1. Return the residue satisfying two criteria in turn: it lies in the range 88-118 and is within 16 Å of the chain's Cα centre (by Cα) and on the phi > 0 side of the Ramachandran plot, and of such residues it is surrounded by the most Cβ atoms within 10 Å (Cβ to Cβ).
2. Failed condition for residue 154, given (1) without any contact (Cβ under 8 Å) to a residue 60 or more places away in the chain; (2) exposed (fewer than 14 other Cβ atoms within 10 Å of the Cβ), with all others met?
3. I'm trying to understand the selection: among the residues of the range 67-82, which are within 19 Å of residue 131 (Cβ to Cβ) and surrounded by 12 or more Cβ atoms within 10 Å (Cβ to Cβ)?
4. Looking at (1) crowded, with 16+ Cβ neighbours inside 10 Å; (2) within 17 Å of the chain's Cα centre (by Cα), which is the one condition that is false for residue 48?
5. Can you pull out the residues in the range 35-48 that are free of Cβ contacts under 8 Å to residues at least 12 places away in the same chain and closer than 16 Å to residue 90 by Cα?
6. Checking residue 132 against (1) more than 20 Å from residue 73 (Cβ to Cβ); (2) at pLDDT below 95, which single condition isn't satisfied?
7. Just give me the residues in the range 105-147 being in a loop (DSSP other than H, G, I, E, B) and out of contact with any helix residue (DSSP H, G or I) (no Cβ under 8 Å at 6 or more places or on another chain), in sequence order.
8. Out of (1) in a helix (DSSP H, G or I); (2) at pLDDT 95 or above; (3) buried (at least 17 other Cβ atoms within 10 Å of the Cβ), the odd one out for residue 85 is which?
């Protein structure tokens, strides 16, 4: 009898993991009206990207971080994510300015050491940024898309083609 229940439990776990992984694929890339043309992020020039960041990304980041810690994030600017690079017009991501991630599966170290921050970023920041940049969310299956390593480097540097 234990063998049957064990098999059912394994089957249920596999089914649950499959559903979760398939759901991580995200929405298709979308375009934005820029200078009278519909453009995806990858098609925007530097000035268009900077304008999109100023008008869309910074306000979203500010709303998310202020809802979490209003006193710490009373003002949000490009420097929050890009660090000193923003001052010299270097917006390359991922960046060493942000904390280096552990590279552990399912961010177990990050959840152990900073559960509130990790949950906020996974639940609100990553999906919001992916949507506003018109990117698909990171998928564990394809190992592509916008996710934590789009902004943070891993233990040995950039990961997953970022």
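1. So, considering only residues that are within 16 Å of the chain's Cα centre (by Cα) and on the phi > 0 side of the Ramachandran plot, the one surrounded by the most Cβ atoms within 10 Å (Cβ to Cβ) is 107.
2. Unmet condition: (2).
3. If we filter the range 67-82 for residues that are within 19 Å of residue 131 (Cβ to Cβ), which is where we start, we get 67-68, 76, 80-81.
Scanning the range 67-82 gives 68, 76, 80, 81.
4. (2)
5. The answer is 45, 46, 47.
6. Of the numbered conditions (1) more than 20 Å from residue 73 (Cβ to Cβ); (2) at pLDDT below 95, the odd one out for residue 132 is (1).
7. Here is the first cut: in the range 105-147, the ones in a loop (DSSP other than H, G, I, E, B) are 114, 133-136, 138, 140-143, 145, 147.
114, 142, 143, listed by residue number.
8. So the condition that residue 85 fails would be (2).
The values are calculated or read from the model by the stated rules, or taken from the named source; none is laboratory data. What you see is a predicted model; the values in this text were computed from it and never measured. Quick reminder, even Gly has a Cβ in these numbers, built from the backbone with ideal geometry, and neighbours come from all protein chains shown.
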